[in-house]
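Working notes for the structure below.
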Amino acid sequence: MKAVFLHTFAGMKIKDLCAEERPREKMLSRGVGALTGAELLAILIRTGTGGRNAVDVARDLLKSCGERLGEVASLSLERLCQVNGIGPGKAVAIAAAFELGRRAALEAGVGECVRIDSPAKVYRIMLPLMRDLDHEECWALFLNKSNGLIAKEMMTTGGQDFTLLDKRMVVRRALEHKASAMILVHNHPSGNPYPSIEDINQTKDLHRAFSSCGLQLLDHVIVAGASCYSFSDERVVK
């Protein structure tokens, strides 16, 4: 009986659902937090196709990405358009929504006198930007004399297990931001938080470059899934 009910429900148009099950009405009455990922996507998708409503299309999209919104966020416009029921207009709306989320995460804390006082805080700030990446990115958090966050900026991007950092460019950006200190952050898509020999050597090189200019490299944090590694905590940089 349950299987028959679900099949019938899936074939309904959005307008045929009871009010509390329609994503827009549900958001208005219960708040955005009450919606599932599929329902949020359905609001962007707006309409269904071939007897399938927008929620059905959204569920198919999520299923194709292993039920992970982060995977949906990483899809190209071309790949989004390959999902049945999603054309260029809907693909653009979905991509724009995820890009807005990414930019909001990028701005988080900047200009709000957020004080960076622990690797855990670095991890919380950077996780939304790095959590679902399938390649390495290296970012810099530029700080004032009180360790307040001035800016965060991507320095370089690389392959699945390595990214090459130009220390002269990083020092130049620190000086341009009038920063007193910096924390380097990069991710390990493998989920292994421990640094490679290249990570250690690049960090020591950057530490020397910063010291020669009267700047501080306070830490280098590796974000790896649910864990992180701090060079400062492990006494790799002092």
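For the reader, a short list of remarks on this structure follows.
- Rg ratio for segment 150-238: its Cα radius of gyration over 2.2 N^0.38 Å, N being its residue count, equals 1.04.
- Taking amide hydrogens as placed 1.01 Å from N in the peptide plane, the amide H of Ser180 sits under 5 Å from those of Leu143, Asn144, Lys145, each at least 5 positions away in sequence or on another chain.
- In this label model, Val92 and Ser227 are separated by 4.5 nm, measuring between points 7 Å along each Cα→Cβ vector.
- Members of Lys90/Lys152; Lys121/Lys152; Lys26/Lys121 lying beyond 22 Å, as alpha-carbon distances in this model show: Lys90/Lys152; Lys26/Lys121
- With the simple model of a label 7 Å out from the Cα in the direction of the Cβ, Thr49 to Lys204 spans 5.6 nm.
- Net length available on complete extension from Arg79 to Ser146 is 19.6 nm, with 0.36 nm assigned per residue and the Cα-Cα distance removed.
- Here, P(r) means the percent of Cα pairs in each 10 Å bin from 0 to the largest distance; for the chain it is 7, 27, 26, 18, 14, 7, 1, 0.
Each reported figure results from applying straightforward, stated rules to the coordinates on display, with no laboratory input. Since we're looking at a predicted model, the values are computed, not measured. No Cβ is skipped: glycine too gets one built from the backbone with ideal geometry, and neighbour counts run over all protein chains shown.
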